[in-house]
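S.K.: So that we are looking at the same thing, I have put the structure below in structure tokens.
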Amino acid sequence: MGDTPIRRPNIVLIMSDDLGYEALSCNGSTSYKTPVLDKLAETGMRFENAHVMPLCTPTRISLMTGKYNFRNYIGFGLLDPTEITFGHIFSDAGYKTLLSGKWQLRSYNPPEEFPENRNKGQRIEDAGFDEYCVWHAHHTEEKGSRYKDPVVYENGKYRDDTTGKYGEDIFVDYINDFVERNKDEEFFVYWPMALTHGPFEPTPDHQDYDSYDPPDNRTVGGKTWDEINRGQSDPKYYGDMVEYHDKVIGRLVDKLDQLNLREDTLIIYLGDNGTDQSICSMEHNHIQMCGGKGLTLDRGTHVPLIVNGATTKSGRVCDDLIDNCDYLPTIMAAAGISTPENFVIDGQSFLPQLQGDVGKARDWIYFHFEPMVDHTDKHFETARFIRSKRWKLYDDDRLYDLLSDPEEECALLPEIDDSESSQVRAELEPIFDEMVR
């Protein structure tokens, strides 16, 4: 008899929306309770220096392709339709694949704003997943609610049974059903969560939920659903949303436990950018930390990262720098998948760290931030910068010592460099020239 083939690990990649590093109690938050994620951190690995792009689309594109944004970023809410994603890679490698949650990578701009970008992104149908259950599959004015009474597009058609239901419940229910159906297969689940992005609304656990009435039309009186809900959104519900997002993650963890799949499953949880700027949270030392979504400060890029299961060593905290494009090579390495021919990956695997080895720690991480969100009421600056553990250098010569100046208020310019900052600049500056197509 031949040897029994070794089962490759299942991969579950969870990404919360607009939830920064400071929002989890395992990272020091005293504003919210996140017992499920705390437990995953306690029995797995927690990372203290994971960074992503300051806004959702740049992060998502880099995460799904393993590339810096200068290679394949074509606009906000748009994934290049020719791009290969981890959905394609894992499906081609024989994994059963599912995306359940937020898409928003096909067509973002309303009809009257930048109409040339309509339908320029990648269809969820073409993103490489065997199955999908998503919010915001098509035009932005058609997306409707992501929370109460949500608009959900599932495997080629809109669901007609979502009245009275909550979006994140639908997404995790679909994931759990998928896992149940594929428990004897190797599977890859990508869960880009709707929570905790605005509009800030009560969840099913909040006393205001039953009385909350979201607009029932995708456009009302010529205004989009988002325009209407900006007036209804209330940051007081943010804490409720953080705790509900922790709770629904617990439902997936419980399903894996029930099916005896935890040891065979690598769970990776991270955030897509910093917390919304309207939200301020308290940290363990009674320090107020306000969200920095959209900002190139650490408040905009520093996110939680927790890894649990499979061969991950438990009870460890790692302060290695983790770049947003490192996730794809890490999960490919965990699954034993080779890089497709002519496919560029800018990231590096941190699988050795997960397995208890020292690994190859990064000296720096790179950011090419080109938001292209001109139609909003917020202005997001395009920026290129390099961050080491202590220093941050922008391509316009601004250098910051993040130990003494985390808010980047006092730029060091070449003419005032001392010997230390001059050496740092000499080490980091040449990297910009390497970051070209």
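S.K.: For the range 10-363, give me the percentage of DSSP beta bridges that are antiparallel, rounded to the nearest 5 percent.
M.R.: Here the share of antiparallel DSSP bridges comes out near 45 percent.
S.K.: What is the log10 of I(q)/I(0) for the chain, computed with the Debye formula using one identical point scatterer on each Cα and no solvent, at q = 0.07, 0.10, 0.11 Å⁻¹?
M.R.: Log10 of I(q)/I(0), two decimals: -0.32, -0.68, -0.84.
S.K.: Between rounded, prolate and oblate, where does the range 108-175 land on the alpha carbon gyration tensor, with a ≥ b ≥ c its root eigenvalues, rounded for a/c under 1.5, else prolate if a/b exceeds b/c?
M.R.: In terms of gyration-tensor shape, oblate.
S.K.: Using only the alpha carbons of the range 46-132, what is the convex hull's orientation-averaged projected area in square nanometres?
M.R.: It is 6.9 nm².
S.K.: If the viscosity is 1.567 mPa s and the temperature 4 °C, what translational diffusion coefficient in µm²/s does Stokes-Einstein give for the range 1-101 when Rh comes from Kirkwood over Cα pairs?
M.R.: 78
S.K.: Continuing with this model, one more query. Please give me, ordered by residue number, the GluC sites (Glu not before Pro) of the range 343-437 that lie in loop per DSSP and have at most 15 other Cβ atoms within 10 Å.
M.R.: Here the GluC sites (Glu not before Pro) that fit, given the DSSP loop and packing criteria, are Glu381, Glu407, Glu409.
S.K.: Just flag the trypsin sites (Lys or Arg not before Pro) in the range 1-52 sitting in loop per DSSP whose Cβ has no more than 12 other Cβ atoms within 10 Å.
M.R.: Loop-located and lightly packed - Arg7.
S.K.: Continuing with the same structure: Once fully extended, how much extra length lies between Glu48 and Asp396, figured as 0.36 nm per residue of separation less the alpha-carbon to alpha-carbon distance?
M.R.: Length gained, Glu48 through Asp396: 122.5 nm.
S.K.: Relative contact order, percent, of the range 58-178 when contacts are C-alpha pairs under 8 Å separated by at least 6 residues?
M.R.: 21
S.K.: Before rounding to the nearest 500, sum -39500 (n - 2.57) across all DSSP H runs of length at least 4 in the chain and divide by the residue total; then give [θ] at 222 nm in deg cm²/dmol.
M.R.: Roughly -7000 deg cm²/dmol at 222 nm, from the helical runs in the chain.
S.K.: Here's something else I'd like to know. Would you mind working out the magnitude of the charge dipole of the chain relative to its Cα centre, with +1 at each Lys and Arg C-beta and -1 at each Asp and Glu C-beta, to the nearest 20 Debye?
M.R.: Around 860 debye, computed over the chain.
S.K.: Here is a further query. Work out, step by step, the length gained on full extension between Lys183 and Asp433: first 0.36 nm times the residue separation, then minus their alpha carbon distance; give nm to one decimal.
M.R.: In short, 85.3 nm is gained.
S.K.: Loop only by DSSP, 10 or fewer other Cβ within 10 Å of the Cβ. Give me the chymotrypsin sites (Phe, Trp or Tyr not before Pro) in the range 153-217 that pass, ordered by residue number.
M.R.: none
S.K.: Computed over the Cα atoms of the range 1-60, what is the ratio Rg over Rh, Rh following Kirkwood?
M.R.: Answer for the range 1-60: 1.15.
S.K.: Here is a follow-up. Normalised by the number of residues in the range 10-363, what is the relative contact order in percent for Cα pairs under 8 Å and 6+ residues apart?
M.R.: Once divided by the residue count of the range 10-363, the mean separation gives 30 percent.
All of the numbers you see were taken from the coordinates with simple rules; none came from a lab. Since this is a predicted model, take the numbers as computed values, not measurements. Counting neighbours? That spans all protein chains shown, and the Cβs are built from the backbone with ideal geometry, glycine included.
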